[in-house]
1. Taking Ile76 as meeting all but one of (1) more than 12 Å from the chain's Cα centre (by Cα); (2) touching a residue at least 24 places away in the same chain (Cβ under 8 Å); (3) at negative phi, write down the number of the exception.
2. Quick check on Leu103: is it within 14 Å of Val5 (Cβ to Cβ), part of a helix (DSSP H, G or I) and more than 13 Å from the chain's Cα centre (by Cα)?
3. Exactly one condition in (1) surrounded by 15 or more Cβ atoms within 10 Å (Cβ to Cβ); (2) out of contact with any Leu (no Cβ under 9 Å at 6 or more places or on another chain) is not met by Tyr78; state its number.
4. Considering only the range 1-56, state which residues are assigned to a helix (DSSP H, G or I) and β-branched (Val, Ile, Thr).
5. Kindly establish whether Val48 is surrounded by 13 or more Cβ atoms within 10 Å (Cβ to Cβ), β-branched (Val, Ile, Thr) and under 28 Å from Asn21 (Cβ atoms).
6. Those residues that are more than 16 Å from Val59 (Cα to Cα) and over 14 Å from the mean Cα position of the chain (by Cα), I need them from the range 22-43; list them, please.
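Taken together, the values in this text are just the output of simple stated rules run on the coordinates, not laboratory data. The structure presented is a predicted model; accordingly, all values stated were derived computationally and were not measured. Note that we place each Cβ from the backbone using ideal geometry, even for glycine, and neighbour counts take in every protein chain shown.
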Amino acid sequence: MVNDVFLVPSFQRKIEKIIKNKKEKEIIYKLINKVRNLGKNALKILDVRDQYLLCEMKVKRPPYRLYVMVDQSKDIFYIVDWEHKQKQEKVINELRKKLYTALKFGMDKIFI
């Protein structure tokens with residue numbers, strides 16, 4: 001089963017900057033395909049709020065994390081960030097705040 005996966009606009013801008021580094025870009029696309037094919041089974045859940053999940057996918061070498069928010073009611077996956085492991089706690093805290101905002105306004109309104 002193929003799942004719906006959307007790249008949020010802020011993440012798309014980030015990917016455009018990464019285009020210079022082909023290896024990172026290839027890793028990101030492999031992870032996105034993995035989410036598309038395996039869905040929630042490919043993710044590690046970090047936080048849950050109502051119908052929304054905050055999840056991550058790990059890459060060991062280089063040590064990066066791909067962050068994904070899942071709307072369980074619609075079964076839609078939003079790719080929201082790609083960051084080095086050193087910034088992991090900061091990114092997770094920022095995404096948790098956005099997850100709480102998603103409860104009020106919906107996922108479509110928070111990642112412009």
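1. It fails just one condition, (1).
2. Details: within 14 Å of Val5 (Cβ to Cβ): no; part of a helix (DSSP H, G or I): yes; more than 13 Å from the chain's Cα centre (by Cα): yes.
So Leu103 does not fit the description; no.
3. The one condition Tyr78 does not meet is (2).
4. Going through the range 1-56, the residues assigned to a helix (DSSP H, G or I) turn out to be 9-18, 22-42.
Ile15, Ile18, Ile27, Ile28, Ile32, Val35 - these are the residues of the range 1-56 that are assigned to a helix (DSSP H, G or I) and β-branched (Val, Ile, Thr).
5. Working: surrounded by 13 or more Cβ atoms within 10 Å (Cβ to Cβ): yes; β-branched (Val, Ile, Thr): yes; under 28 Å from Asn21 (Cβ atoms): no.
No, not satisfied.
6. Step one: of the range 22-43, the residues more than 16 Å from Val59 (Cα to Cα) are 36-40.
If the condition is that a residue be more than 16 Å from Val59 (Cα to Cα) and over 14 Å from the mean Cα position of the chain (by Cα), then Asn37, Leu38 are the ones that fit.
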